[in-house]
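The values are calculated or read from the model by the stated rules, or taken from the named source; none is laboratory data. Quick caveat, the model's predicted, so the values are computed rather than measured. Glycine gets a Cβ as well: all are built from the backbone with ideal geometry, and neighbour counts include every protein chain shown. Heavy atoms of the whole protein, side chains included, go into the accessibility calculation; ligands, DNA and RNA do not. Shrake-Rupley method; radii C 1.70, N 1.55, O 1.52, S 1.80 Å.
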Amino acid sequence: MQKATVIVCSFASITKDILDKYGIIALTPSLNWPEGEGLEGNNIFQKMRSAVEKGINSTPKTSQPPMGVFKKAYEEALSKSENAIVITISSKISGTYNSAIQTRKMFSEEMQKRIHIIDSNNIDAAESLLAIKACELSERGEDIQKIVETINNYVNKTYFFGMTENPNQMEAGGRISHALAVILNQMQKIGMRPILHMKDGEVKAANLRMNAKDIAEALLKQFEDITKKAMQEGKKYRVAISHADNMEKANELKSLLSDRFGDKIKVDFISMTGPFIGAHVGPGTLMCATLEE
């Protein structure tokens, strides 16, 4: 029996190949967007663009997986592994962590000792990088307490940041005012782009990136700034890229990072983000997560 099975919520961007490779269980949050039914598009973000064109101002609404879904996942994980490691979205922006904790109480005391819940204090691809690291440690046969301790230490070594393609999408979803959308559009025309990032478990504005009219180049510059000191000390980084129906720029960012940093980084995957994040930032958004090795 393997050491541990990792559980994530699909709030975490991750590819099917990685899920299959490591046997990760991904829980799907509830999605509610009746206005989106019948809209054109091959994915949720194309439908969001279609909604804007048709004057529909609503956006997808999501909620955390219910306790019943968690319970089923715990039972599946513990049927094939000695332990379950649950990595959740930041508890400061979702009740997922609390739901995971409450579900664990439904099991016997002995079973509860086998369920280990970690608050990533982060979102999206940053959760996925922690999940991959946990799987790698498990495959190496590390003791479960060592795995949990190591992942908790990595929480403070993960960083997530991103940039919207079009402020009008955020306005349409009610995330920013029309006045702010106009200002941001004007700023982008002269190469000023706002960077959003995770800080203390919440999504906040990081800074304004100057002279970066291209979204991929802007994120490259942000990555350079946040890793410069550690890179000089010889540190290496794991990277994951997620996007809201913007594969072209995601591939461009991967190429820019690989060309600039070579073997100092490893891009684990590129994945489309889910509607939980996408509904807040809008289609076309490009995001990047890093983990300092």
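For segment 232-239, check the following and say yes or no: at least one residue is assigned to a helix (DSSP H, G or I) and surrounded by fewer than 13 Cβ atoms within 10 Å (Cβ to Cβ). Scanning segment 232-239 turns up at least one residue that is assigned to a helix (DSSP H, G or I) and surrounded by fewer than 13 Cβ atoms within 10 Å (Cβ to Cβ).
Applying the criterion of being of a type in the set (S, T, N, Q) and part of a strand (DSSP E or B) to the residues of segment 72-83, the residue that is farthest from residue 200 (Cα to Cα) is 81.
Residues 69, 6, 86: which one is in a helix (DSSP H, G or I) and either among the hydroxyl-bearing types (Ser, Thr, Tyr) or in contact (Cβ under 8 Å) with a residue 12 or more places away in the chain (or both)? Testing whether each residue is in a helix (DSSP H, G or I) and either among the hydroxyl-bearing types (Ser, Thr, Tyr) or in contact (Cβ under 8 Å) with a residue 12 or more places away in the chain (or both) leaves just 69. The set of residues from segment 74-84 being open to solvent by 70 Å² or more (accessible area, probe 1.4 Å) and either within 18 Å of residue 152 (Cβ to Cβ) or at pLDDT below 95 (or both) comprises just one member, 80.
Of note, residue 87 satisfies the criterion of being in contact with a helix residue (DSSP H, G or I) (Cβ under 7 Å, 6 or more places away or on another chain), over 20 Å from residue 279 (Cα atoms) and modelled with pLDDT of 90 or more.
Among the residues of segment 90-106, those that are modelled with pLDDT of 95 or more and among the β-branched types (Val, Ile, Thr) comprise 101, 103.
Listed by first and then second residue, the pairs with beta-carbon distance under 6 Å, at least 6 apart or on different chains, first residue in segment 13-33 and among the hydroxyl-bearing types (Ser, Thr, Tyr), second modelled with pLDDT under 95 and in a strand (DSSP E or B), are 30/63. Residue count for segment 240-256 under the criterion of being more than 12 Å from residue 290 (Cα to Cα), touching a Leu at 6+ places or on another chain (Cβ under 7 Å) and crowded, with 20+ Cβ neighbours inside 10 Å: the result is 5. The set of residues in segment 27-56 that are surrounded by fewer than 19 Cβ atoms within 10 Å (Cβ to Cβ), modelled with pLDDT of 85 or more and under 18 Å from the mean Cα position of the chain (by Cα) contains only 43.
Look through segment 100-142, keep the residues that are part of a loop (DSSP other than H, G, I, E, B) and over 21 Å from residue 69 (Cβ atoms), and return whichever of them is most open to solvent (accessible area, probe 1.4 Å).
Only one residue tops the list, namely 140.
Filter segment 97-128 for residues that are touching a helix residue (DSSP H, G or I) at 6+ places or on another chain (Cβ under 8 Å) and of a type in the set (A, V, I, L, M, F, W, C); which is nearest to residue 237 (Cα to Cα)? Lay out the reasoning, then the answer.
Taking segment 97-128 first, the residues touching a helix residue (DSSP H, G or I) at 6+ places or on another chain (Cβ under 8 Å) are 99-100, 102-107, 111-112, 114-124, 128.
After this cut, where a residue has to be of a type in the set (A, V, I, L, M, F, W, C) as well, the list is 100, 106-107, 111, 115, 117-118, 123.
Numbers: 100: 29, 106: 38, 107: 38, 111: 35, 115: 29, 117: 24, 118: 21, 123: 18 Å.
Out of the qualifying residues, it is 123.
Apart from one condition, residue 55 fits all of (1) on the phi > 0 side of the Ramachandran plot; (2) touching a His at 6+ places or on another chain (Cβ under 9 Å); the exception is (2).
Only one of the listed residues (245, 268) is in a loop (DSSP other than H, G, I, E, B), touching a strand residue (DSSP E or B) at 6+ places or on another chain (Cβ under 8 Å) and closer than 24 Å to residue 28 by Cβ. That residue is 245.
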